[in-house]
Amino acid sequence: MAAATESEVTTCRIMSPDDANPAGNVHGGTIMRMIESAGYVAAMRHLHSQKDSSGSKPSCRAAVTHRLEHMDFLKPIYIGNLAKLQARVIFVKNASLLVEVIVKAEDLTKVSESLCNKAYVWYLSMEKAEEGEDEEKTKLRLFPKGEKWRKSTATPALGKPSTHNDKFLEMYATMYAEREKLRQQVGHGLDDLKKANGQDEMSQRGGGGAGGE
């Protein structure tokens with residue numbers, strides 16, 4: 001897998017009363033927000049870690065959150081705990097990156113640590129569009145300040161998995177990537193079917209009106 005400095009990040013934060021409910025448990029939404037942020041940093045590090053095919057560092061790249069694929073809430077995190085988030089890119093294909101984020105909580109009074117959450121988040125690699133690009137053809141997206149961006153290849157690809165766990169994660173990511181591809185194909189098919197049904201209904205209405213006259 002890629003080196004830690006290239007596609008991984010570890011962040012820490014002490015949980016405060018503002019992060020928790022009256023019982024002292026940290027809100028699930030707070031944890032999800034920390035996970036999304038840590039995953040974003042790992043994805044950005046990966047996108048800017050190595051040179052592209054032209055031999056230069058990629059510029060004007062951005063990682064955009066696409067979907068939370070899976071999340072486990074294993075144990076609660078409490079006020080005063082030190083939350084540790086370890087995020088790493090585990091799968092790259094075309095413009096998609098899958099990031100695994102593991103959340104552990106350390107009780108600083110007992111020096112004990114527990115695994116609390118595990119999540120998998122998809123990000124899309126985006127780059128600034130060139131002047132004059134066709135919006136429909138390249139599926140441009142508007143960013144703040146009116147800038148136009150489009151999907152880009154999420155290079156560099158990860159190296160071959162070396163451990164049993166990494167091989168399992170690659171298999172897991174490949175399975176979900178194929179599922180997403182199938183989901184998109186089915187979605188496009190449904191859209192075409194809806195359009196066809198809509199046109200048939202309009203034709204029937206038009207025909208009925210003509211017959212009535």
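Derivation of every value follows stated rules applied to the coordinates shown; laboratory data play no part. If you're wondering where the values come from, they're calculated on a predicted model, not measured in any experiment.
For this structure, a couple of remarks:
- Around the amide H of Ala95, modelled in the peptide plane, lie the amide H atoms of Ala154, all under 5 Å away and 5 or more residues distant in sequence or on another chain.
- The amide H of Asn81, built 1.01 Å from its N in the peptide plane, has Met15 as neighbours under 5 Å, considering only residues 5 or more places off or on other chains.
- Amide H contacts under 5 Å for Phe73: none, restricted to partners 5 or more places along the chain or on a different chain, H placed in the peptide plane at 1.01 Å from N.
- Per-residue 3J(HN,Hα) values for the stretch 28-34, derived from phi via the Karplus relation 6.51 cos²θ - 1.76 cosθ + 1.60 with θ = phi - 60°, read x, x, 5, 5, 5, 5, 5 Hz in sequence order (x marks Gly and Pro).
- For the stretch 16-24, Karplus couplings with θ = phi - 60° (6.51, -1.76, 1.60), whole Hz, Gly/Pro x: 10, x, 5, 8, 10, 8, x, 7, x
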